[in-house]
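Please read the structure below before turning to the comments.
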Amino acid sequence: MRAAVIVFPGSNCDRDIAVALEQSIGKPTTMIWHQDTDIPSDLDLIVVPGGFSYGDYLRCGAMAAHSPVMREVKRRAEKGMRVLAVCNGFQIVTEAGLLPGVLMRNRGLKYVCKDVHLRVEDSQSAFTAKYKVGDVLRIPIGHAEGNYFADEATLKQLEDEGRVAFRYCTTKGEITDDANPNGSQRNIAGVLNKARTVLGMMPHPERLADKKLGGTDGRAMFEALVETLA
Amino acid sequence: MNHAPAKRITPEDIKTHGLSDDEYKKVLEVLGGREPNMVELGIFSVMWSEHCSYKSSKKWLKTLPTKASWVICGPGENAGVIDIGEGLAAIFKMESHNHPSFIEPYQGAATGVGGILRDVFTMGARPIANMNALRFGDPKHPKTKHLVAGVVSGIGGYGNCVGVPTVGGEVNFHPSYNGNILVNAMTVGLAQKDKIFYSAAAGAGNPVVYVGSKTGRDGIHGATMASTEFDANSEDKRPTVQVGDPFTEKLLIEACMELMATDAIQSIQDMGAAGLTSSSFEMASKGGMGVELNMNAVPQREEGMTPYEMMLSESQERMLIILKPGKEELARKIFEKWELDFAVIGHLTDTGRMVLKFHGETVCDLPIDPLAQASPEYDRPWLASTKQPVVAAKDVKNVPWRDALKTLMGCPDVASRRWVWEQYDHMVMMDTVQRPGGDAAVVRIHGSNRALAISTDCTPRYVKANPFEGGKQAVAETWRNITAVGARPLAITDNLNFGNPQKPEIMGQIVEAIQGIGDACVALDYPVISGNVSLYNETDGKPILPTPAIGGVGLLDNLDQMTTLAFKAEGEAILLLGQKDDAGWLGQSLYLREVCFEEKGAPPPVDLAHERKVGDYVRGLIHSGKITACHDLSDGGLMVALTEMALAGNLGCRLENIAAPLHAALFGEDQGRYIVTVKAADAVATLEATKAAGVPAKQIGAVGGSAIFLGGESVELEALRKLHEGWFPAYMATAT
């Protein structure tokens, strides 16, 4: 499997997710600078990482969504290449129209960094194949704008097509308002595109993929990608 | 040059530039009798400000121990450097941003973080952790909530964006900070030992390069503001507070790291307080060089800026670099890639003078060495502090332990800081092994099984009551916290926050606290490698509690030998180590303040030999693998420490064998103590071995249940958790 991570000015989880990928893949990940549109042709996975692309100064992800490299990512994604977009990456791909919905300011109006629990809602994608529906994962979040919003018709379509990948939940897997760290509609933490080849999520699976850091619930995502795309 | 100043300097000019009459006389001497022009006066003003010159504290700072075989670079550079083995160096420093944070909390705190980050990466280190030590006024003071909210979100706003984890720190409240909050930010970075960059300029003709953001009119006279007391009109100083741009800082870090990987840099320094003036002046001064700058080449954000404004601006995210000859294009390409300004603004000379040109005219011509040499240094008069009487336990009200414990766990100085650190990204870079809330933050050295342990501490009420013991205690507490996770403490940075040094009693606090810090550093083999002094923390003549904040760094050679404070398993034995016979020191304790509403007495003394012996022994025990949890004892004493361990592990404990009187044994703040847990089967052997090593030890109970049990009474953990977790969010949620 060949993976690449896009690096925008202001990305800051690019190294982190490359480290997590390398642990599972066993070989280095390519880093692609935002001005390079010359993406290697044999890529299996492209990651749009977390951070503060362009300082998040206009609107989170808005400027990165219009960068040259994102046009190319979009073209490849339409041909079926897998795209994993985490945190700021999720904001970028929604701005770029790869996934529906938007990420608004957190309900509490503050940046929140902590472990949350996620209920797995789908296991039919290259990202989630090693989880079972109903599994409860502990994965950290770190964002100020992760409040997922889409109109009712879109939400219905997402639900009908089984494209909600993860929801914020209690330790026991219950979907409650208290377990929702940012006010996302229907506790949505991650969504897939129609072809299930693009996953956007606010939580950081790479941050708990190492026993030394206190948890490994995120690792199965990288292992699933390796197994599916190898 | 036309030396005749365009405008005569008036006594008013001298005063607004913060220079005394005597200091102005020295200015005239340095210039051989001629009057300075306004640009030159501005340069004297900032270079001789307390903030840049340390004129009141220098005499005493020189007495601090700064050497050890592992110290690569002590105080005097942008940050201190220690050898941590395997070809690596840790570079760190703590610095205050107190005055600006009070005036404009978000930007003040944010730019404090930005400044300390630059101090560290300018030396070639990639920043791997941020810490902060914050002091606010009385929670009931009408401004406190606004200041807490602004400072915390400013620290988060900056640190989160640059992608350096904020892994810990401290927050205290006390009415003495009502008019002067303290925002002390610390950064720790990692560098290759043989790739460290210094600031001494060398090589006449070498280009002087400006990189980063453009220069604007913000922050002019920030250093001078930070060198005076506040009064009712201090809010008018808001325009002197700088505005931070963490996105540019992130780009600047990456661009500098990229340039540092080449062989292009001769020397480099960030533009911090006093901006272009102090960076160019200090670099030339350290290298015994002269410098000539073309002010028209300085990238400017606004039109019509004068040399005076450019030299005194404190616009953020700027660096000054002396390049090796012929490296301009290589460097320019890197900074252009990162979309940062890059300009050759001058060159080094061998004249020993600082010459500034503007539209071809010389607008400043100052002798660098004489100006630096003549920098004022005061031996200010000081008064020895008055010794406070020791408070006897029998004279302190013995409140039922359950009530006292509940009060303490929910009081502002003990309550959980979760509300604060959840606003900081403490996990980015994926090496945070111990998150905020433990004794010390533990940050893995990337790609290895080693880690740095970091802690910041100071107990200002102790320092006020006895500056010497309080200075010792601040150092000892960081040492103890680092020890409690299993790390070897290596060195400290000190951030000395005091009131007006022109008052002999304040100067006495400074002198004695420094003596205490020095004694502790010597006894613990724990030198000072960097630091910062913030004086004049007074408003309308009322000083802050003396607050010498200490940031300590230690090394864990093997992460598998680390321990945490959480209780691990039912039935494990709880041992108290280091408790001397004279148990129960209640003077200056939180019990006395929060439960009995009295702030009085002598603080607990720190027996440094005892501290060292107990700590070294505990660290050995941790490394032996026998210890399942470890926690040092500090604010609130034994009972608060046990409760913190219980809450972290979600396991209660049954206590026994507690000395009388109970309030002194449970809440006394005697120093040099730790609680450890071991498997029940190991308890007797561990106790015997510990006593045989000359370290006092006794078993005081066992882990178990869902409450704290003592003498037939108990308090449920859930009730304690609610109090402990509840205070901060409830306080911040209520309307001012």
| If you scan segment A:106-152, which residues turn out to be touching a Cys at 6+ places or on another chain (Cβ under 6 Å) and under 21 Å from A:Val93 (Cα atoms)? | A:Gly142, A:His143, A:Glu145
| query | Restricting to segment B:542-581, what's the tally of residues that are buried (at least 19 other Cβ atoms within 10 Å of the Cβ), at negative phi and small (Gly, Ala, Ser)? | reply | 6
| message | modelled with pLDDT of 95 or more, within 14 Å of chain A (Cβ to nearest Cβ) and either surrounded by 24 or more Cβ atoms within 10 Å (Cβ to Cβ) or out of contact with any Asp or Glu (no Cβ under 7 Å at 6 or more places or on another chain) (or both): is that true of B:Val463 in this structure? | response | no
| query | Of all the strands (runs of 3 or more DSSP E) wholly in segment B:620-678, which have at least 1 residues that are β-branched (Val, Ile, Thr)? | reply | B:627-632, B:674-678
| message | Taking the criterion of being more than 27 Å from B:Ser534 (Cβ to Cβ), under 30 Å from the mean Cα position of the chain (by Cα) and surrounded by fewer than 19 Cβ atoms within 10 Å (Cβ to Cβ), would at least one residue in segment B:33-53 satisfy it? | response | no
| said: Which of the strands (runs of 3 or more DSSP E) found entirely inside segment B:53-102 contain at least 3 residues meeting this: touching a Ser or Thr at 6+ places or on another chain (Cβ under 9 Å)? | reply: B:80-83, B:88-96
| task | Count, please, the residues in segment B:598-637 that happen to be crowded, with 19+ Cβ neighbours inside 10 Å and over 27 Å from the mean Cα position of the chain (by Cα). | result | 7
| Identify, please: which residue in segment B:382-419 is among the hydroxyl-bearing types (Ser, Thr, Tyr) and farther than 25 Å from B:Phe468 by Cα and is, among those, surrounded by the fewest Cβ atoms within 10 Å (Cβ to Cβ)? | B:Thr407
| field | Qualifying residue in segment A:196-213 (condition: more than 16 Å from the chain's Cα centre (by Cα), of a type outside the set (S, T, N, Q) and within 23 Å of A:Glu95 (Cα to Cα)) | value | no
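Is it true that B:Ile128 is under 19 Å from the mean Cα position of the chain (by Cα), within 14 Å of another protein chain (Cβ to nearest Cβ) and among the β-branched types (Val, Ile, Thr)?
Answer is yes for this residue.
Could you pull out the residue among A:Val116, A:Val73, A:Val133, A:Val48 that is buried (at least 24 other Cβ atoms within 10 Å of the Cβ) and out of contact with any Gly (no Cβ under 9 Å at 6 or more places or on another chain)?
Just one listed residue meets the conditions, A:Val73.
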| query | Only one residue in A:Leu84, A:Leu43, A:Leu98, A:Leu103 is farther than 24 Å from A:Leu208 by Cβ and touching a residue at least 60 places away in the same chain (Cβ under 8 Å), so which one is that? | reply | A:Leu98
| said: Suppose we filter segment B:419-443 for residues that are of a type in the set (D, E, K, R) and within 24 Å of B:Tyr674 (Cα to Cα); how many remain? | reply: 2
| request: State yes or no: is B:His99 more than 18 Å from B:Ser530 (Cβ to Cβ), buried (at least 21 other Cβ atoms within 10 Å of the Cβ) and over 20 Å from the mean Cα position of the chain (by Cα)? | output: no
| Has segment B:442-449 got at least one residue that is more than 9 Å from chain A (Cβ to nearest Cβ), closer than 22 Å to B:Ala629 by Cβ, of a type outside the set (S, T, N, Q) and touching a Leu at 6+ places or on another chain (Cβ under 7 Å)? | yes
| message | Which count do you get for residues in segment B:384-429 that are touching an Asp or Glu at 6+ places or on another chain (Cβ under 8 Å), away from chain A (no Cβ under 14 Å) and of a type in the set (Lys, Arg)? | response | 1
| query | So which residues in segment B:582-597 are surrounded by fewer than 21 Cβ atoms within 10 Å (Cβ to Cβ) and either without any contact (Cβ under 8 Å) to a residue 40 or more places away in the chain or among the polar types (S, T, N, Q) (or both), if there are any at all? | reply | B:Phe597
| said: So, in segment B:137-158, exactly how many residues are surrounded by 24 or more Cβ atoms within 10 Å (Cβ to Cβ) and facing chain A (nearest Cβ under 10 Å)? | reply: 2
| Given the conditions (1) of a type in the set (Val, Ile, Thr); (2) exposed (fewer than 12 other Cβ atoms within 10 Å of the Cβ); (3) within 20 Å of B:Met311 (Cα to Cα), which single one is not true for B:Ile9? | (2)
| field | Selection within segment A:1-24 - hydrophobic (A, V, I, L, M, F, W, C), more than 19 Å from A:Leu208 (Cα to Cα) and facing chain B (nearest Cβ under 10 Å) | value | A:Val7
| Failed condition for B:Glu329, given (1) in contact with a strand residue (DSSP E or B) (Cβ under 9 Å, 6 or more places away or on another chain); (2) of a type in the set (D, E, K, R); (3) away from chain A (no Cβ under 14 Å) | (1)
| query | Just checking, how many residues over segment A:171-215 are surrounded by fewer than 17 Cβ atoms within 10 Å (Cβ to Cβ), farther than 21 Å from A:Ala20 by Cβ and either of a type in the set (A, V, I, L, M, F, W, C) or within 14 Å of another protein chain (Cβ to nearest Cβ) (or both)? | reply | 4
| query | Given the residues A:Val19, A:Val7, which is the only one that is within 29 Å of B:Gly156 (Cβ to Cβ) and in contact with a strand residue (DSSP E or B) (Cβ under 7 Å, 6 or more places away or on another chain)? | reply | A:Val7
| query | Under 8 Å by Cβ, and 6 or more places apart or on different chains, what pairs join a residue from segment A:148-174 that is at positive phi and free of Cβ contacts under 8 Å to residues at least 60 places away in the same chain with one that is assigned to a strand (DSSP E or B) and surrounded by 21 or more Cβ atoms within 10 Å (Cβ to Cβ)? | reply | A:Gly173/A:His117; A:Gly173/A:Arg119
| request: Sort out which residues of segment A:79-124 are away from chain B (no Cβ under 12 Å), outside any strand (DSSP E or B) and in contact with a Phe, Trp or Tyr (Cβ under 7 Å, 6 or more places away or on another chain), and write them in order of number. | output: A:Gly101, A:Glu121, A:Ser123
| remark: When (1) within 14 Å of another protein chain (Cβ to nearest Cβ); (2) out of contact with any His (no Cβ under 8 Å at 6 or more places or on another chain) are applied to B:Gln561, the one that fails is (2)
| field | All positions within segment B:339-396 that are in contact (Cβ under 8 Å) with a residue 60 or more places away in the chain and among the polar types (S, T, N, Q) | value | B:Thr349, B:Thr351, B:Thr362, B:Ser375, B:Ser385, B:Gln388
| Quick check, is B:Pro504 closer than 30 Å to B:Gly437 by Cα and either among the hydroxyl-bearing types (Ser, Thr, Tyr) or surrounded by fewer than 24 Cβ atoms within 10 Å (Cβ to Cβ) (or both)? | no
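The values are calculated or read from the model by the stated rules, or taken from the named source; none is laboratory data. All figures in this text were calculated on a predicted structure; none of them were measured in a lab. Note that we place each Cβ from the backbone using ideal geometry, even for glycine, and neighbour counts take in every protein chain shown.
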